[in-house]
Amino acid sequence: MSPEHIPFNRPYQSPDEVAYVTEAQRQRHLCGDGPFTKRSQQWIEDQTGCAKALLTHSCTSALELAALLLDVRSGDEIIMPSYTFVSTANAFVLRGAVPVFVDIREDTLNLDETLIEAALTPRTRAIVPVHYAGVACEMDAITAIAERHDLKIVEDAAQGVMANYRGRPLGAIGELGTFSFHETKNVTCGEGGSLLVNDPELVERAEIIREKGTDRSRFYRGEVDKYTWQDLGSSLLPSEITAAFLMAQLEQAKEITQGRLAAWRRYHEMLAPLEQQGLFRRPHVPRECGHNGHMYYIVLAPEIDRGEVLAELKRQQIGAVFHYVPLHTSPAGQRFGRAHGDLQLTTSLSQRLIRLPMWHGLGEAQQQRVVEVLGRFLRR
Ligand SMILES: *Cc1c(COP(=O)(O)O)cnc(C)c1O
């Protein structure tokens, strides 16, 4: 008999998704910025304290909106890790900017704040910290650097919904922040995202860019008597069908986070003995970071062949995966970006990392099996 399949990810199902979508249908308001969009945005504003939350099609489109909003242009340089998803870089490359890749910290795999200043040039415009695994970057240090050099901060908080840094919600610390509601993230509507605007002066223009460059948002609020083309823009808002689904998930965000954190803590305890044997190391969460159980990963000892471990987990029906191929080593990253230094930790850690199955509802017995399979294979 083949063992039970344990998927890598299983999207949470809220009890109200279908009812809310049905309600949107009944209201006959299906295009964007209807009641469910407003409720979802209000929820994000209440939860994070951002000046304005704007739903988008994805975190990718929220990042693109951020780049437009900051008037990023040809030749500008943007500081970011190479160990991230392609959209972090693409959003700025689309504006003609150059991603400058800075190495990551060994403990959190987040942008190493101590290396940022040496990477700055007169063309640097912004820093894009990526909160990997929902664990915050060292935002006090990064904010101080940005202030010293008059740079903007766009937090890629795609993985950071419901997580915080010294009690401050991720996404609400820089001038701008972005969330992802992709199926693989904690809170999901399939494909979705949000821009968090923390600088009140950017709110009005963010609304205009998101609404095809028009002042339609002001028109709906009755502030102008017709809406017209005002600025650059695109169509970045999701439909009410998507927003209705998302609202049902947001209402469960606390429950989702608690369930994931419980599973995260169980792994952490179960894997401690194997870490003590020097086979891998477990994730590190600094004291000042309140994380959200987005991911559980291990970093294998350098002499262990990751491909063999992943193959064994697959044979045993366990959905474990590697993560980012560093952007500075990819064809487009080499064409569009610039590496600051040798990025040695980015290269080494990315080749040794394995993400284990993680979702709300992942059971203790399933986790026990993951740990047993890992232990048996690594100790062989
Ligand atoms: C998932 C993710 C994105 C992209 O999110 P989408 O909503 O799929 O566009 C961007 N950055 C990071 C760090 C992510 O994890």
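The values are calculated or read from the model by the stated rules, or taken from the named source; none is laboratory data. This one's a predicted model, so the numbers in the text were calculated from it and none came from an experiment. Neighbour counts run over all protein chains shown; Cβ positions are idealised from the backbone, glycine included. Heavy atoms of the whole protein, side chains included, go into the accessibility calculation; ligands, DNA and RNA do not. Shrake-Rupley method; radii C 1.70, N 1.55, O 1.52, S 1.80 Å.
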> In the range 64-87, what residues are in a strand (DSSP E or B) and more than 14 Å from the chain's Cα centre (by Cα)?
Replying inline: 77, 78, 79
> Name the pairs: first residue in the range 346-360 and touching a residue at least 12 places away in the same chain (Cβ under 8 Å), second residue among the acidic types (Asp, Glu) and assigned to a loop (DSSP other than H, G, I, E, B), Cβ to Cβ under 8 Å, at least 6 apart or on different chains?
Replying inline: 346/103; 349/106
> From the residues in the range 88-139 that are among the hydroxyl-bearing types (Ser, Thr, Tyr) and assigned to a loop (DSSP other than H, G, I, E, B), which one is least open to solvent (accessible area, probe 1.4 Å)?
Replying inline: 108
>> Can you find a residue that is of a type in the set (D, E, K, R), within 21 Å of residue 170 (Cβ to Cβ) and assigned to a loop (DSSP other than H, G, I, E, B) anywhere in the range 296-314?
In response: no
> Where residues in the range 219-233 are in contact (Cβ under 8 Å) with a residue 12 or more places away in the chain and open to solvent by 100 Å² or more (accessible area, probe 1.4 Å), which of them is nearest to residue 68 (Cα to Cα)?
Replying inline: 229
>> List the residue pairs whose Cβ atoms are under 8 Å apart, where the first residue sits in the range 45-66 and is in contact (Cβ under 8 Å) with a residue 12 or more places away in the chain, the second is acidic (Asp, Glu) and more than 10 Å from the ligand (Cβ to nearest atom), and the two are 6 or more positions apart or on different chains.
In response: 51/45; 51/199; 52/45; 52/207; 53/45; 54/207
> Hey, any hits in the range 257-267 for a residue that's over 18 Å from the mean Cα position of the chain (by Cα), touching a residue at least 40 places away in the same chain (Cβ under 8 Å), over 18 Å from residue 366 (Cβ atoms) and open to solvent by 60 Å² or more (accessible area, probe 1.4 Å)?
Replying inline: no
> From the residues in the range 11-47 that are more than 23 Å from the chain's Cα centre (by Cα) and of a type in the set (Val, Ile, Thr), which one is farthest from residue 250 (Cα to Cα)?
Replying inline: 22
> How about the range 321-336: which of its residues are hydrophobic (A, V, I, L, M, F, W, C) and either in contact with a strand residue (DSSP E or B) (Cβ under 8 Å, 6 or more places away or on another chain) or part of a helix (DSSP H, G or I) (or both)?
Replying inline: 321, 322, 327, 332, 336
>> Here's a check for you: in the range 1-45, which residue that is β-branched (Val, Ile, Thr) and surrounded by 15 or more Cβ atoms within 10 Å (Cβ to Cβ) is nearest to residue 361 (Cα to Cα)?
In response: 6
> Out of the range 193-246, which residues are in contact with a strand residue (DSSP E or B) (Cβ under 6 Å, 6 or more places away or on another chain) and of a type in the set (Lys, Arg)?
Replying inline: 210, 212
> Looking only at the range 64-87, which residues are farther than 19 Å from residue 190 by Cβ, small (Gly, Ala, Ser) and open to solvent by less than 50 Å² (accessible area, probe 1.4 Å)?
Replying inline: 66, 67, 75, 82
>> Criterion first (in a loop (DSSP other than H, G, I, E, B), among the aliphatic types (A, V, I, L, M) and either open to solvent by less than 40 Å² (accessible area, probe 1.4 Å) or free of Cβ contacts under 8 Å to residues at least 12 places away in the same chain (or both)) does residue 247 satisfy it?
In response: no
>> I need a count of the residues in the range 191-211 that are assigned to a helix (DSSP H, G or I) and open to solvent by 10 Å² or more (accessible area, probe 1.4 Å).
In response: 8
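Would you be able to tell me the number of residues in the range 133-163 that are of a type outside the set (Val, Ile, Thr) and under 19 Å from the mean Cα position of the chain (by Cα)?
Matching residues across the range 133-163 total 15.
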> Just wondering, is there one or more residues in the range 175-194 that are away from the ligand (no atom under 14 Å from the Cβ) and touching a residue at least 60 places away in the same chain (Cβ under 8 Å)?
Replying inline: yes
> Which condition does residue 61 not pass, out of (1) open to solvent by 60 Å² or more (accessible area, probe 1.4 Å); (2) assigned to a helix (DSSP H, G or I), if it passes all the others?
Replying inline: (1)
>> So, in the range 152-174, how many residues would count as being within 11 Å of the ligand (Cβ to nearest atom) and under 16 Å from residue 288 (Cα atoms)?
In response: 1
> Out of the range 157-189, which residues are over 22 Å from residue 237 (Cβ atoms), open to solvent by 20 Å² or more (accessible area, probe 1.4 Å) and not polar (S, T, N, Q)?
Replying inline: 162, 166, 167, 168, 169, 173
